[in-house]
Structures are given as C-alpha cells and as structure tokens.
Amino acid sequence: MEIETPNLLVIRHEKCSSLGLLEAALKPHSVPFKYLDIAQNETLLEPIAHYSHIVVLGGAISAYEHQQYPFLYDEFKLLETAIAQGIPTLGICLGSQILATVLGAKVYRGQAGREAGWCDVQLTEQAAIDPLLDRFPQAFKVFQSHQDTFDLPSGCVHLAKNEKYTNQAFRYQNHVWAIQFHLEIDEHVLEDCSAVIEQELKDSEIQHTNLTQLLNEARFHSPSVAPLANQFMHQFLWRQEGKVLSAEC
C-alpha cells in the first residue's frame, strides 16, 4: 500500500528551536520539512496548501503581545487559513497559546507562576480515545517552560492537565492539537536554546532551578520521552480518518 509522504511546515519563533525528538519519526521515511522563521519576518512564497501538516513551535514571547510583535498578526491569519482548509496542525507551548488565540480563547499570564523543568502531566479521560494520545501513559514527566496559560477554546476537547495549570492540551475538531508541554525537548535542544531558557528563569526570578540542573534532568528524562515523541509524531503525520497507518505498509 502506497502512502503519500507528508510535507511539513514548522513555524518557529526562536532560531535555536527545532523539532528535536519529534524529528525521529520523520527520518526513516525522509519526510521533508521547512522551518519558517516568522519572527524574522520570513514569509511563505507558496500557498499554505502546499504543506500537508504544520507544527508551531514555542518561544519566549506571549501570544497576546501582537502589538509589540506585529508578525503575530500574520501568523494568526496563516493558521486561520490552515485550520479552515483542514490542514493537520500542532501547536507546542507558545504554539498552543497561539492556536488558542486563533480559536477565540483568552491567553494570559498564569497566577501559579512559571513551570520550569520536568513536570508531571496527567491525561484526561477524553485522551484515551484521542488519535494521538490514546496509547500514552495516563501520567508522564515532560519538559515545560512557560508562565502564560489559556482558557479552553469553545468546542475543543480537553486532553491533559496538571496541578499547576489545568489546560495542558486540547484538540479542535479532528485536525488541530495544542500541547503546552515540550515533547520535542531533550538535552541537545535545551542546550541549543540555553540563552533563551536562562533569560526566562531570570525574568521569572526563579532561584531554585538553573540551566545545569535542567540539562542533567534532561539527560535522565529524555530516554523516557523519546518513544512518546516518536509515537505522537508518527500518529500526527500518518493518521487518516481517525486511523493510524503504518508507514511500512
């Protein structure tokens, strides 16, 4: 059985960020992907429909700072078009907050403070039948670095939570996913973005966590996250009509 190879667009807000652990699902099948550095005012030369899937990565800014960062207006419009056209889309951290904004929900500074480091996340009952999360453990540790949070957009399915912030993941219809946590981050991605992480810790006046500690924890936790990231990305790319197709069939 022939399966059409996906063509992936990755929107990023920091030059240091990357697909990281999520890229492992792409390599065996030579899935092409393009980074769009939208914060550097890079624009697409082709229609969004040229891409079969979209991933929106994180960043240090806030989704509600569109007046300070005008490129966000262009990003909102681009994602509105993609969602309307049914293109499977995944938002991570800032990307999840941008998708919440596009879908009409409020994004704001959380009162519980910054989540920084390897945090517990629990799946909701609805996640047990979600096409991307149905084979995940009910609880797992994953990297987080955020203080903004969002309300659940109307009509969306709540997929994950934890004690600090209730809205950790959601799905809109059957083609849009938003996760507040970072399945892509291991020690290599973390080191690449070390300057951004250190600035976030400084801005949040966090004294009990530092970059060295986070890197050591990443080396410990990444082997457990890597298979989850690979499974999640595989299902995102090859699921059709609610089913996941084997890339080898």
Take the stretch 97-145 and flag every residue that is in a strand (DSSP E or B), more than 26 Å from A84 (Cβ to Cβ), among the hydrophobic types (A, V, I, L, M, F, W, C) and out of contact with any Lys or Arg (no Cβ under 6 Å at 6 or more places or on another chain). A116, C119, V121, L123, A139, F140, V142, F143
Could you figure out which of (1) at pLDDT below 95; (2) under 29 Å from N162 (Cβ atoms); (3) acidic (D, E) isn't true of E75? (1)
Please work out which residue is surrounded by the fewest Cβ atoms within 10 Å (Cβ to Cβ), limiting yourself to the stretch 1-37 and to residues that are out of contact with any Leu (no Cβ under 8 Å at 6 or more places or on another chain) and not in a loop (DSSP other than H, G, I, E, B). K27
Hits in the stretch 197-229 (condition: crowded, with 19+ Cβ neighbours inside 10 Å and either of a type in the set (V, I, T) or not in a helix (DSSP H, G or I) (or both)): I197, V225
From A25, A63, A82, residue being among the hydrophobic types (A, V, I, L, M, F, W, C), touching a residue at least 12 places away in the same chain (Cβ under 8 Å), over 24 Å from R239 (Cβ atoms) and in contact with a helix residue (DSSP H, G or I) (Cβ under 8 Å, 6 or more places away or on another chain): A63
So is L214 closer than 17 Å to A25 by Cα and either at pLDDT below 95 or not charged (D, E, K, R) (or both) or not? no
Do the conditions hold for G95, that is, is it closer than 22 Å to S154 by Cα and touching a residue at least 60 places away in the same chain (Cβ under 8 Å)? yes
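The values are calculated or read from the model by the stated rules, or taken from the named source; none is laboratory data. Model, not experiment: these values are computed from the prediction. Cβ sites come from the backbone with ideal geometry, for glycine too, and all protein chains shown count toward neighbours.
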